[in-house]
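Take a look at the structure set out below.
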Amino acid sequence: MKALFPLVTSALLAAAGQAAAQDVTLRVHHFLPSTAFPATDMVEHWCETIKTRSDGRMACQIYPAMQLGGTPAQLIDQARDGIVDAVFTVPSYQPGGYLRSEVFELPFIAGTEPVTAMAMYEYVTEHVPDEYSGVRPLWVAVGDPSVLHFKAEALQTMDEMRGLKIRSPGRYGAIALEQVGALPVQLPANAITESLSRGVIDGVMIPWSAVRMLNMQEETSAHTVFADGSRPFTNSIAMFVIGERAYDRLPADLQAVIDEASGVEASRQMSEIYRRKGVEDREAAMERGARVHVIDDAQYAEWVKRMEVVRQRWIEEVDRSGADGAALYETATALIAKYENQ
């Protein structure tokens, strides 16, 4: 037994060394403050999930607020190039970089947040995977519908939009605003509140869930919204992706942990968080005495009519990129209908 003991000890130490060598820390980068609810309730929650399911063998080191440098538009490239392992970002922050995915941000196409997220996850992984070459989408988080927020007076008619400087979150949101005579202004989210305060912009197109997150509640007391149950004017779609290099380095069992924490169901859950936050922020605004104007059916029909040019412009741009824009539009709408009917 004495002769055997050193051999057993050596074997145990070797096994412990192998286990330690398999431990993984994923470097996760995103553009939000560490206290923002998507950072805590989505990114941190997902990281805790994979840590628990891997029995502590896999964890995240999270770098919020672009701490590792670059801009939000560069985040997916950072994961692709191996600068970081995984990122949470909005693909459309990179203008034209994820053109085929922008179909879900077109006016009046989306369903509810969870429905749109599930549809988009299937779309990006099954129908346009080449758009994400070098990275692996893990889940989609669809924000609650963008509405129009103003400092003092809610707009009653479309004509009142003419000439107003409105912050738009993306390219197609900007094109949509142009159709009603507004002057779209591209600003990063962290510049919105100050721009409202200084009068640089007259209003902002952004979801309810961003109002308190960006401390906009003191600068916006009037809101123009579409009726509950109508398809949203537009929304912002975030995505969590891991670089293929980082994923491929993982042992098969840790890849399985990530796979099980990702996909259609994870996309539904993350987008449900956005939906709940949107409801909470709207209720909080009403409690503060906010003035809310709901666009009536006749005005809604006119908005939808004006937005046809936006859809056509996207189809034409996709066609020029070498894909079939009309076919991809039909695929996206069919997927939304599929998940609405489940």
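Points worth noting:
- For the range 308-322, the set of residues classified as surrounded by fewer than 18 Cβ atoms within 10 Å (Cβ to Cβ) and touching a residue at least 24 places away in the same chain (Cβ under 8 Å) consists of 309, 313, 317, 321, listed by residue number.
- Some residue of the range 167-187 being of a type in the set (Lys, Arg), within 25 Å of residue 215 (Cα to Cα) and part of a loop (DSSP other than H, G, I, E, B): no
- The range 127-146, residues that are crowded, with 22+ Cβ neighbours inside 10 Å and hydrophobic (A, V, I, L, M, F, W, C): 135, 138, 139, 140, 141, 142
- Scanning the range 191-209 for residues that are out of contact with any Lys or Arg (no Cβ under 9 Å at 6 or more places or on another chain) and surrounded by 15 or more Cβ atoms within 10 Å (Cβ to Cβ) returns a single hit, 193.
- Residue match in the range 103-115 (condition: closer than 18 Å to residue 189 by Cα, under 14 Å from the mean Cα position of the chain (by Cα) and modelled with pLDDT of 95 or more): no
- Taking the criterion of being among the acidic types (Asp, Glu) and closer than 30 Å to residue 243 by Cα, the residues of the range 130-178 that qualify are 130, 131, 144.
- Restricted to the range 219-307, the set of strands (runs of 3 or more DSSP E) holding at least 3 residues that are buried (at least 17 other Cβ atoms within 10 Å of the Cβ) and in contact with a Leu (Cβ under 7 Å, 6 or more places away or on another chain) comprises 237-243.
- Residue within the range 120-142 that is more than 25 Å from residue 77 (Cα to Cα) and of a type in the set (Asp, Glu) present: no
- Residue 90 being β-branched (Val, Ile, Thr), within 14 Å of the chain's Cα centre (by Cα) and crowded, with 23+ Cβ neighbours inside 10 Å: no
- Residue within the range 65-85 that is modelled with pLDDT under 90 and over 30 Å from residue 212 (Cβ atoms) present: no
- Pairs, first closer than 21 Å to residue 36 by Cα and modelled with pLDDT of 95 or more in the range 259-274, second part of a loop (DSSP other than H, G, I, E, B) and among the hydroxyl-bearing types (Ser, Thr, Tyr), C-beta under 9 Å, six or more apart: 271/112
- Checking residue 227 against (1) out of contact with any strand residue (DSSP E or B) (no Cβ under 6 Å at 6 or more places or on another chain); (2) closer than 20 Å to residue 308 by Cα, the condition it does not meet: (1)
- Qualifying residue in the range 38-61 (condition: modelled with pLDDT under 95, of a type in the set (Gly, Ala, Ser), within 16 Å of the chain's Cα centre (by Cα) and closer than 19 Å to residue 141 by Cβ): no
The values are calculated or read from the model by the stated rules, or taken from the named source; none is laboratory data. Keep in mind it's a predicted model, so treat the numbers as computed, not measured. We place every Cβ from the backbone using ideal geometry, glycine too, and count neighbours over all the protein chains shown.
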